[in-house]
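Have a look at the structure below, then the notes.
The values are calculated or read from the model by the stated rules, or taken from the named source; none is laboratory data. This one's a predicted model, so the numbers in the text were calculated from it and none came from an experiment. So basically every Cβ, Gly included, is an ideal-geometry build from the backbone, and we count neighbours across all protein chains shown.
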Amino acid sequence: MAFSLFILFLIIGVIEIYAFQAVKTFTKVKWVRLCYVIISLMSIVFIVYQFTRFDRSVGQTPMFMITVGLMLLVLIPKLLITSVLILEDGLRLIVGSRNYFNNYDKEASFLPERRRFISKVALGIAAVPFLSLIYGMTVGKYNYKVLRHTLFFDDLPDAFDGFKITQISDIHSGSFDNPEKISYAVDLINEQESDLLLFTGDIVNTNATEMHPWIDTFKKIKNHEFGKYSILGNHDYGEYVEWKSEELKNKNFEDIKDLHRQIDFKLLLNENTKLKKGNDEIALVGVENWGVKFKKVGDLNKASENLKKEDFKILMSHDPSHWDAEINTHEKDFHLTLSGHTHGFQFGIEIPGVIKWSPVEYVYKQWAGLYVNMERYLYVNRGFGFHAYPGRVGIMPEITVLELKKRKKVV
């Protein structure tokens, strides 16, 4: 542990030295340099202090989220500055070595001076994530987007042609700090005029009490003709904190499940229900959380009990890693799977038709948006709320509207 801390502080020290070198080269104004040093030192002290105060029995708090945001705001730009200046140092070393061995001016410094232009470039590059992270924490986290997709199926029951589903996921109510913005998002949900509303897990960060200030707001989500259904996500099991007793943990879990009833959602716990329209019906299946990297409490066999392979099925499963691991090879054949969980990392670049990238793609094969395999769909919602980092950059909070259509046969 001591060695790890030593390495950590050594890395931070190197980053701080390089960042200061960029500022020092960029400006000769002493008070600017001094202000930079004071702000950097205060930020580091604050971050270290807050992390030492982190209570595993409480979990994520608003102050913890502020600390994470500040840490990213300080660390990422300085990492970029350090990367640029290390590259410059490599070139300075090459030039200095060449000068030395070719018997150039021996009295000159071995390493050429830093170029002010390079420091300007480094600071300019660093300004991009710095400003983006500030935007993410002030605007991006509540910049809700309604994303619409039309999905075609050969075997969709005729009565459900044009059936509309609104999906939300990853509410993380313990992170909210703006009632007006949440009310706005609820109004957006209601404006979609969908037939069915589905919520795919993570109603809180950890504690059931996090949702209490928001119950009345979410109760304003209007009743949909075919109902409002939900499942649990990984955060709903209280696994990320230390509990004083197993009884308290179990009570919190029961309270979290009851939250769904309080906001008028029907929670599906490894079970299914039939949605009937005219003479046709489709099956809605909800599993508890099942993730490759988390406890596997979801039970597809139990959840799809009494269903036939030919039944049209919509499956709610919080973690998209479930799709490749079990769902695609399951004998019951699920037509549409709805997931969330990844949040799209709350950071990335999305330009429709041009680029879709986030660091989370190196962990999850399916991490945001629509995926197809053998005419079976997976949709991964980017999340309604936010967690840890109190913002969103490039990957905005999402309300999904999916329209199911019967594929017309070509004669």
- Before we move on, is TYR142 within 27 Å of LEU378 (Cα to Cα) and surrounded by fewer than 21 Cβ atoms within 10 Å (Cβ to Cβ)? yes
- Message: Among the residues in region 193-211, are any touching a helix residue (DSSP H, G or I) at 6+ places or on another chain (Cβ under 6 Å) and exposed (fewer than 15 other Cβ atoms within 10 Å of the Cβ)?
- Response: no
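Conditions (1) in contact with a Leu (Cβ under 7 Å, 6 or more places away or on another chain); (2) among the polar types (S, T, N, Q); (3) surrounded by 16 or more Cβ atoms within 10 Å (Cβ to Cβ); (4) outside the structural domain of HIS260 (by TED's automatic domain parsing), marked per residue:
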| site | (1), (2), (3), (4) |
| --- | --- |
| LEU91 | no, no, no, yes |
| ASN102 | no, yes, no, yes |
| PHE110 | no, no, no, yes |
| ARG116 | no, no, no, yes |
| ILE125 | yes, no, no, yes |
| ASP154 | no, no, no, no |
- Task: Check VAL37 against each of (1) surrounded by 15 or more Cβ atoms within 10 Å (Cβ to Cβ); (2) β-branched (Val, Ile, Thr); (3) in contact with a Phe, Trp or Tyr (Cβ under 9 Å, 6 or more places away or on another chain) and name the one condition it does not meet.
- Result: (1)
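When only residues in region 346-362 that are hydrophobic (A, V, I, L, M, F, W, C) and more than 24 Å from VAL287 (Cβ to Cβ) count, which is surrounded by the most Cβ atoms within 10 Å (Cβ to Cβ)? So that I can check it myself, show each step before the final result.
Here is the first cut: in region 346-362, the residues hydrophobic (A, V, I, L, M, F, W, C) are 347, 349, 351, 354-355, 357, 360.
Subsequent filtering for residues that are more than 24 Å from VAL287 (Cβ to Cβ) retains 347, 349, 351, 354-355, 357.
Numbers: PHE347: 23, ILE349: 12, ILE351: 9, VAL354: 7, ILE355: 9, TRP357: 15.
By that ranking, first place goes to PHE347.
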- Query: Can you name the number of the only condition in (1) part of a helix (DSSP H, G or I); (2) of a type outside the set (A, V, I, L, M, F, W, C); (3) surrounded by fewer than 19 Cβ atoms within 10 Å (Cβ to Cβ) that GLU331 fails?
  - Reply: (1)
- Task: From the list SER4, SER40, pick out the single residue that is polar (S, T, N, Q) and either modelled with pLDDT under 90 or assigned to a loop (DSSP other than H, G, I, E, B) (or both).
- Result: SER4
- Picking from ASP154, ASP158, ASP89, which residue would you name as being of a type in the set (Asp, Glu) and touching a strand residue (DSSP E or B) at 6+ places or on another chain (Cβ under 7 Å)? ASP158
- Those residues of region 334-358 which are of a type in the set (Gly, Ala, Ser) and in a strand (DSSP E or B) amount to SER339
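Restricted to region 222-243, and to residues that are charged (D, E, K, R) and either within 19 Å of GLY174 (Cβ to Cβ) or in contact with a helix residue (DSSP H, G or I) (Cβ under 7 Å, 6 or more places away or on another chain) (or both), which residue is surrounded by the most Cβ atoms within 10 Å (Cβ to Cβ)?
Of region 222-243, the ones charged (D, E, K, R) are 222, 225, 228, 236, 239, 242.
With either within 19 Å of GLY174 (Cβ to Cβ) or in contact with a helix residue (DSSP H, G or I) (Cβ under 7 Å, 6 or more places away or on another chain) (or both) added as a condition, the list becomes 222, 236, 239, 242.
Details: LYS222: 12, ASP236: 26, GLU239: 14, GLU242: 10.
By that ranking, first place goes to ASP236.
Residue-by-condition table, conditions (1) among the aromatic types (Phe, Trp, Tyr); (2) crowded, with 17+ Cβ neighbours inside 10 Å; (3) in contact with a Lys or Arg (Cβ under 8 Å, 6 or more places away or on another chain):
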{"site": "GLN60", "(1), (2), (3)": "no, yes, no"}
{"site": "PHE64", "(1), (2), (3)": "yes, yes, no"}
{"site": "VAL68", "(1), (2), (3)": "no, yes, no"}
{"site": "PRO77", "(1), (2), (3)": "no, yes, no"}
{"site": "SER83", "(1), (2), (3)": "no, no, no"}
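Residue by residue through region 294-335, note down the ones that are of a type in the set (Val, Ile, Thr) and without any contact (Cβ under 8 Å) to a residue 24 or more places away in the chain. Steps first, answer last, please.
Step one: of region 294-335, the residues of a type in the set (Val, Ile, Thr) are 297, 314, 327, 329.
Matches in region 294-335: THR329 only.
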- Task: Starting from region 71-92, take each residue that is without any contact (Cβ under 8 Å) to a residue 40 or more places away in the chain and list its partners that are surrounded by fewer than 21 Cβ atoms within 10 Å (Cβ to Cβ) and of a type in the set (Gly, Ala, Ser), counting only C-beta distances under 8 angstrom and pairs at least six apart or across chains.
- Result: VAL74/SER40; VAL74/SER43
